[in-house]
Amino acid sequence: MTKNVLGIIGGSGLYDLPGLVDTRWVAVDTPFGAPSDELYMGRLGDAQLVFLPRHGRGHRIPPSEVNYRANIAALKIAGCTDVLSLSAVGSLREDLPPGHFVVVDQFVDRTFARAKSFFGSGLVAHVSMAHPVCSRLGEHVLATLAARGVPHAHGGTYLAMEGPQFSTLAESELYRSWGCSVIGMTNMPEAKLAREAELCYCSVAMVTDFDCWHPGHDAVTVDAIIRVLLGNAEQAKGLVAQLAGDVVSDAHAAGCACRSALEHALITAPEARDAALVERLRPIVGRVLGPR
């Protein structure tokens, strides 16, 4: 049986966990270039954890320039089976104030300047994104948040915008009219690529402030946002520490549908596939490519 390994994508301080041992930074090469940073690997009890600072240590990389393909590929190559995505967001709902966590279950992708698939000319694949996150992994997260008393919402739609600028008021009101819950710049194409890589992916959106639709938005200070950010970061570390053991010991994980997402997704006939692209993809989706 495949051993579950939890990958965590988030801020650069997230890996500072009490009890994390056997730690080391590991450089991982991928067929899609370098990820945002080296991977920080360690063990917490029986749980093997792999951390990836999404924007690099020191937050060097803006959202549109993150190499999302390399990030997901690096986690897959490192042996991760499950991925917890933690990100700061603005709230589009009055009932999701700063300090709330949202266990996202849907996305609206408004990004336009990013490579969104591992596949391409020479090997075409279409994966289902109807349910874009892993409900099994999400249930573990929800149980942990409840046990820790963290204010949270079960489900919500994440509007992924290109950035790096924030929304106009008209855009913010439009997204609210669509029924979106939170707005951020990083979860797409991250979630799409995780599905293509057959990784179980769960997004936890951490609210830092209300988006510009809110009447009190203009009165928010940088100091206030930083206080919320720091509080959210501490809650996120507690979430990871308590969640890890349940995720890696989940006996039902091997049968999760996320791990066979490509079963009927490849549409290019084997004899028509580009050999170079096939080899490029083998470290990530080799399960469905057959022998060399």
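Can residue 265 be described as within 30 Å of residue 110 (Cα to Cα) and either hydrophobic (A, V, I, L, M, F, W, C) or touching a Phe, Trp or Tyr at 6+ places or on another chain (Cβ under 8 Å) (or both)? Against the criterion (within 30 Å of residue 110 (Cα to Cα) and either hydrophobic (A, V, I, L, M, F, W, C) or touching a Phe, Trp or Tyr at 6+ places or on another chain (Cβ under 8 Å) (or both)), residue 265 qualifies.
Pairing each residue of the stretch 145-157 that is over 17 Å from residue 244 (Cα atoms) with any residue that is among the acidic types (Asp, Glu) and assigned to a loop (DSSP other than H, G, I, E, B), provided the two are 6+ apart or on different chains, yields C-beta distances under 7 Å for 155/105; 156/105. Just wondering, is there one or more residues in the stretch 243-260 that are loosely packed, with under 14 Cβ neighbours inside 10 Å and farther than 22 Å from residue 133 by Cα? No, there is no match, as no residue in the stretch 243-260 is loosely packed, with under 14 Cβ neighbours inside 10 Å and farther than 22 Å from residue 133 by Cα.
If we scan the stretch 47-54, do we find a residue that is surrounded by fewer than 21 Cβ atoms within 10 Å (Cβ to Cβ) and assigned to a loop (DSSP other than H, G, I, E, B)? The answer is no, given that none of the residues of the stretch 47-54 is surrounded by fewer than 21 Cβ atoms within 10 Å (Cβ to Cβ) and assigned to a loop (DSSP other than H, G, I, E, B).
Give the stretch 248-292 a look and list any residue that's hydrophobic (A, V, I, L, M, F, W, C), over 23 Å from residue 4 (Cα atoms) and not in a helix (DSSP H, G or I), or say none. Residues satisfying the conditions are 265, 266, 267, 269. Once the stretch 185-223 is narrowed to residues that are touching an Asp or Glu at 6+ places or on another chain (Cβ under 8 Å) and in a helix (DSSP H, G or I), the residue that is modelled with the lowest pLDDT is 217.
Taken over the stretch 199-249, the criterion of being farther than 20 Å from residue 149 by Cβ and touching a Phe, Trp or Tyr at 6+ places or on another chain (Cβ under 9 Å) is satisfied by 203, 211, 212, 213, 216, 217, 220. Taking the listed residues 108, 83, the one that is buried (at least 21 other Cβ atoms within 10 Å of the Cβ), closer than 19 Å to residue 133 by Cβ and either touching a Cys at 6+ places or on another chain (Cβ under 9 Å) or touching a residue at least 24 places away in the same chain (Cβ under 8 Å) (or both) is 83, with no other qualifying.
For the stretch 1-54, which residues satisfy the criterion of being without any contact (Cβ under 8 Å) to a residue 24 or more places away in the chain and basic (Lys, Arg)? Scanning the stretch 1-54 gives 24, 43. Restricting attention to the stretch 16-27, does a residue exist that is assigned to a loop (DSSP other than H, G, I, E, B) and more than 23 Å from residue 204 (Cβ to Cβ)? Within the stretch 16-27 (the criterion being assigned to a loop (DSSP other than H, G, I, E, B) and more than 23 Å from residue 204 (Cβ to Cβ)), the answer is yes, since at least one residue qualifies.
The values are calculated or read from the model by the stated rules, or taken from the named source; none is laboratory data. This structure is a prediction, so every number in the text was calculated from the model and none was measured. No Cβ is skipped: glycine too gets one built from the backbone with ideal geometry, and neighbour counts run over all protein chains shown.
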